[in-house]
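Presented below is the structure to which this report refers.
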Amino acid sequence: MSRVGLVTRRSFLLGAGLAAGGLTLGLFGDEASAADPPAPGALGPGLAPNVMVHITETGVVTIVCARSEMGQGVRSSVPLLVADELGAVPERVVVVQAVGDKKYGDQNTDGSTSIRKFDDKLRRMGAVARTMLVSAAAKQWNVKPDTCEAIDGAVKHAASKRSLGFGELVKAAAKLPVPDEKSVVLRPWAELRHVAKERLPLLDGHAIVTGTGAYGADIKVEGMLYAVVARPPVVGGKIAKLDKAKALAVPGVKKVFEMPVPGKPWGHQPWGGVAVVADSTWAALKGRAALEITWDHGANAVYDSAAYETKLLASVRAQGTAHRTVGDVDAAMGKAAKVLEAEYLVPHLPHLPMEPPAVTAKFDGGACEIWAATQNPQLARTEVAKVLGIGEDKVTVRVTLLGGGFGRKSKGDFSAEAAFISREAGAPVRVQWTREDDLKNGYPNTVSAQRLRAGLDDKGRVVAWHQRTAFPPIGTTFGGPPEPSINDLQQGVLDLALDVPNIRSEACRAEPHARIGWYRSVYNIFHAFSAGSFIDEIAHARGVDPRDAWLEIVGPARKLSLEDLGIPKLANYGESLDKHPVDAGRLRGVIERVTAMSKWADRKTSGRALGLAAHRSFVSYVGVVVSVVRDERRKVRVDEAWIAIDAGRVVNKDRVHSQLEGAIVMGISNAMLGGVTYKGGIVEQPNFRDAKIARIGDAPRTIHTDIIASDAPPGGVGEPGVPPVGAACANAIFALTGQRVRRFPLLAGVKV
Amino acid sequence: MSIKLRVNGVERTLDVDPEMPLLWAIRDALGLTGTKYGCGEALCGACTVHLDDQPVRSCVTPVRRAVGRAVTTIEGLSPDGKHPLQQAWVELGVPQCGYCQAGQLMTAAALLKAKPKPTDDEIDQSMAGNLCRCGTYTRIRAGIRKVAGGQP
């Protein structure tokens, strides 16, 4: 049972009219402590040794959450890590959502970084405040600080049984010098009282289930109008002819105007097009439908997914740029007893957060305030300032709850667009994206082809591994070259542990015709799918158990150096190899765990069609097994899944489990159903009818999740669960049907 | 045009286009933002509300069709936020981002009202119209089972 009450907490959003200005507040405590939440910016006297922690004289601890909540549970995790280090009582903690400001450090909630990049920093913020409170108490009692303990919201001196609440110490502590955060002593991890142990409550749970949580579209400010934008359907397209008369005639429509035309590179710029501003969302939508626009689609109108596939395959059939070289692949292939090869294709994957982008902007007197469902408030601030031509100090970005992000909301386009519309409309405006807008004007995951070849010796051992990957990298959206770089190949190509004497991995060219963006797990999705499928193919070609093939190809437990990997450098998700090595032992560990969980060895006798895959990404390791069964309507369906993660130390176990459950479902959407295609440069799937994602019946009835206990530094959690799911599904389909499907969506390739 | 609605037990008068979808009337005109927009074509269920206890997709329901009927939104599902499903959702940690959950809860509440002990197949069938991109389906099913009195 949690020591934090599960039902009574609440979170709420202060209205824009308050001086505090619409920050999302959350309370871990009950309604008694909710009675007087300190208003951010007006927290009053207290101890505020840094930008993250504030303690009032009544003992209320306010902790700033600088990262965006999009379902990963960051607001229920990060503040409690600080509070635990401090020694606070969770019931007396108030969580304040930060505005976009560099003083908080990197706020881009992306790359599975919130814990792995900030756990030490956050704990030090709490430890600084604790050190000051303990010093103040020790001084008052005339005892040594190291004989005192900060626990349960008080400093205690066990020998004399004295105790002072944090609030009572605030005044004295605030007069002490603030210690250097690098010098403060952290509690041993095992001694943290709440995080990593008990079931932590969902900070925003009550708000969510009662409909009071505020998302991007839920902000209302005085005098606000509503807008939608008719954006060019093709990247780089612009208006050739516009007649706005009929739109202006729609009752409720106030203004119709053209947006600035973006130039290359597209980056975070708004898409251009025509803004329709009205007195309701409905009037704006009707106005937009009445616009008469002839588009000049521009150069990307040539984009046709079927034709493009031929180009991608041609690219991986020719030599690319080698970024990983061990031994001599060509010589080894020449001597191999058997050579296997296979090509894999993965289409663009759209983010499809349930909440399409939505932003409220208020431009007034040369300053701009926005309320945005953004993963990256500092970037939004920069882009808003840029589009308005004002200083960043004149821009305030307030972060709402995000109705899903998955990388889409790391972009600045929708924030900048709303700010521009507010200025042109001369009023505060909420800009609502429709689902069609989201699909048509998104930043989808890139499209890719992979070619893998393996040379086997006469005993079946893999003696040569040759991999080519082609995809337009995200860098192309920002003006970079149309070939994956060595840094792009960190995602599952360069860091793939292989016990193979000859390896070559090559990057191949691919021209972009869409705005490519980050999507949960990014390039790992197709690299894990191709490598994970290919290992299964090797196993079946040799007639060995796929689990044994995995363990043999990954090789014995060891940490691989750059030299072992055959690479000059490894981006390693911004982490050093000392702290986060490429550890074959941990990859083996998740394979062994997940195959034990799923009773892999009994699959023949139990008559189950299981598929296995494993992958390292965001410096964490994940193994997945899925079971598939025949299904009248869907052909095949995943009926049960098992997933094990080794992410080092974890803070909020329940949210790690929930991320893994979600990763299985999103992985199924990606692999079995997913993807969008282009014709004439336009996305061919306008809404959920065609852009398919898993519904409840497509998701397994049971998902078993497991977290490997570890003292290793924390790795990512939000993304690493997704990549192995694709290959696990493909391998299970092979086990069930004997059909090897090498492209997403897998269900389209299964014959019944 | 003046339209009279009964929303969460309260009489409201709106001056809106009678063809305006109930979703936008609820959100923009009444300021009840718990009901969410997700697709506009009754494909995702995020906008689900009850019309006389029946779950409907408010994004494709013209506001005129709600005249003379009881509209219930997530804000009115229970007086104190303690509908058994709301409690189960919090206790089991069902939500991730939470955006679809108002729609999920409204659909689930209608299901349990019509069928207090649904089978797993019946749950899947009734909830099929409600998408969740975070993938909380196993916990949604567990929440419904818990309230129905079975094992979560």
Practice task
For residues that are part of a helix (DSSP H, G or I) and polar (S, T, N, Q), tally how many sit in segment A:534-564.
Solution key: 0
Practice task
Considering only segment B:9-41, state which residues are over 23 Å from A:VAL253 (Cα atoms) and surrounded by fewer than 18 Cβ atoms within 10 Å (Cβ to Cβ).
Solution key: B:GLY9, B:VAL10, B:GLU11, B:ARG12
Practice task
Give segment A:328-376 a look and list any residue that's aliphatic (A, V, I, L, M) and over 27 Å from A:GLN450 (Cα atoms), or say none.
Solution key: A:MET354, A:ALA358, A:VAL359, A:ALA361, A:ALA367, A:ILE370, A:ALA372, A:ALA373
Practice task
Taking B:GLU75 as the residue in question, decide whether it is out of contact with any Asp or Glu (no Cβ under 7 Å at 6 or more places or on another chain), away from chain A (no Cβ under 12 Å) and not in a loop (DSSP other than H, G, I, E, B).
Solution key: no
Completion exercise
In segment A:390-408, anything among the basic types (Lys, Arg) and in contact with a strand residue (DSSP E or B) (Cβ under 8 Å, 6 or more places away or on another chain) is listed as A:LYS394, A:ARG398
Problem - Residue that is farther than 24 Å from A:ARG689 by Cβ and more than 10 Å from chain A (Cβ to nearest Cβ), where the choices are B:GLY98, B:GLY150, B:GLY81, B:GLY93 - result: B:GLY150
Completion exercise
Counting only residues that are open to solvent by 70 Å² or more (accessible area, probe 1.4 Å) and in a helix (DSSP H, G or I), segment A:565-595 contains a total of 2
Practice task
Check off (1) farther than 27 Å from A:PRO356 by Cα; (2) modelled with pLDDT of 95 or more for B:LEU23 and give me the number that stays unchecked.
Solution key: (1)
Exercise for the section: Find the residue count for segment A:643-656, including only residues that are part of a strand (DSSP E or B) and away from every other protein chain (no Cβ under 12 Å). Expected result: 3
Handout entry: Single unsatisfied condition, A:VAL429 versus (1) β-branched (Val, Ile, Thr); (2) buried (at least 24 other Cβ atoms within 10 Å of the Cβ); (3) more than 14 Å from every other protein chain (Cβ to nearest Cβ)
Key = (3)
Problem - Test result for B:ALA70, more than 24 Å from A:GLY404 (Cα to Cα), at the interface with chain A (Cβ under 8 Å from one of its Cβ atoms), surrounded by fewer than 24 Cβ atoms within 10 Å (Cβ to Cβ) and of a type outside the set (D, E, K, R) - result: no
Fill in the blank from the handout: In segment B:101-130, residues that are within 7 Å of chain A (Cβ to nearest Cβ), touching a residue at least 40 places away in the same chain (Cβ under 8 Å) and open to solvent by 10 Å² or more (accessible area, probe 1.4 Å) total 0
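Condition check ((1) outside any loop (DSSP other than H, G, I, E, B); (2) away from chain B (no Cβ under 14 Å); (3) touching a residue at least 40 places away in the same chain (Cβ under 8 Å); (4) surrounded by 20 or more Cβ atoms within 10 Å (Cβ to Cβ)) across all residues:
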| residue | (1), (2), (3), (4) |
| --- | --- |
| A:LYS156 | yes, yes, no, no |
| A:SER163 | yes, yes, no, no |
| A:ALA190 | yes, yes, no, no |
| A:ARG199 | no, no, yes, no |
| A:HIS206 | yes, no, yes, yes |
| A:GLY213 | no, no, yes, yes |
| A:TYR226 | yes, no, yes, yes |
Problem - A:VAL384 on the phi < 0 side of the Ramachandran plot and away from chain B (no Cβ under 14 Å) - result: yes
Fill in the blank from the handout: Across (1) within 14 Å of chain B (Cβ to nearest Cβ); (2) open to solvent by 10 Å² or more (accessible area, probe 1.4 Å); (3) farther than 30 Å from A:LEU200 by Cα; (4) of a type outside the set (Phe, Trp, Tyr), A:GLU640 clears everything bar (3)
Practice task
Scan segment A:507-539 for residues that are under 27 Å from the mean Cα position of the chain (by Cα) and among the acidic types (Asp, Glu) and jot them down.
Solution key: A:GLU511
Problem - Odd one out for A:TRP371, checked against (1) within 14 Å of chain B (Cβ to nearest Cβ); (2) among the aromatic types (Phe, Trp, Tyr); (3) part of a loop (DSSP other than H, G, I, E, B) - result: (3)
Exercise for the section: Please find, among A:SER485, A:SER530, the residue that is under 30 Å from A:ALA299 (Cα atoms) and among the polar types (S, T, N, Q). Expected result: A:SER485
Fill in the blank from the handout: A careful count of residues in segment A:708-746 that are touching a strand residue (DSSP E or B) at 6+ places or on another chain (Cβ under 6 Å), among the aliphatic types (A, V, I, L, M) and open to solvent by 10 Å² or more (accessible area, probe 1.4 Å) gives 3
Handout entry: Residue ID - nearest to the other protein chains (Cβ to nearest Cβ), chosen from residues in segment A:390-424 that are open to solvent by 10 Å² or more (accessible area, probe 1.4 Å) and not in a helix (DSSP H, G or I)
Key = A:PHE406
Exercise for the section: Of all residues in segment A:335-389, count the ones that are polar (S, T, N, Q), touching a strand residue (DSSP E or B) at 6+ places or on another chain (Cβ under 6 Å) and open to solvent by 10 Å² or more (accessible area, probe 1.4 Å). Expected result: 0
Practice task
For B:SER58, work out the one condition from (1) open to solvent by less than 10 Å² (accessible area, probe 1.4 Å); (2) over 22 Å from A:ASP438 (Cβ atoms); (3) polar (S, T, N, Q) it doesn't fulfil.
Solution key: (2)
Practice task
Could you tell me which residue of segment A:657-686 is farthest from A:SER617 (Cα to Cα), considering only residues that are in contact with a helix residue (DSSP H, G or I) (Cβ under 6 Å, 6 or more places away or on another chain) and assigned to a loop (DSSP other than H, G, I, E, B)?
Solution key: A:GLY680
Handout entry: Subset of segment A:269-297 [crowded, with 24+ Cβ neighbours inside 10 Å, in a strand (DSSP E or B) and more than 12 Å from chain B (Cβ to nearest Cβ)]
Key = A:ALA275, A:VAL276, A:VAL277
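Results for (1) closer than 21 Å to A:ARG630 by Cβ; (2) touching a residue at least 12 places away in the same chain (Cβ under 8 Å); (3) more than 14 Å from every other protein chain (Cβ to nearest Cβ); (4) open to solvent by less than 10 Å² (accessible area, probe 1.4 Å), shown as yes or no for each residue.
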position	(1), (2), (3), (4)
A:VAL665	yes, yes, no, yes
A:ASN670	no, yes, no, yes
A:GLN685	no, yes, no, no
A:ALA699	yes, yes, no, yes
A:HIS704	no, yes, no, no
Practice task
Could you please let me know if A:ARG124 is open to solvent by 40 Å² or more (accessible area, probe 1.4 Å), outside the structural domain of A:PHE618 (by TED's automatic domain parsing) and modelled with pLDDT under 90?
Solution key: no
Fill in the blank from the handout: Requiring at least 3 residues that are open to solvent by 20 Å² or more (accessible area, probe 1.4 Å), the strands (runs of 3 or more DSSP E) wholly within segment A:39-116 are none
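The values are calculated or read from the model by the stated rules, or taken from the named source; none is laboratory data. Remember, predicted model here, so these are calculated numbers, not experimental data. Cβ coordinates were reconstructed from backbone atoms using ideal geometry, including for glycine residues, and neighbour counts include every protein chain displayed. Only protein heavy atoms, including side chains, enter the accessible area calculation; ligands, DNA and RNA are left aside. Shrake-Rupley method; radii C 1.70, N 1.55, O 1.52, S 1.80 Å.
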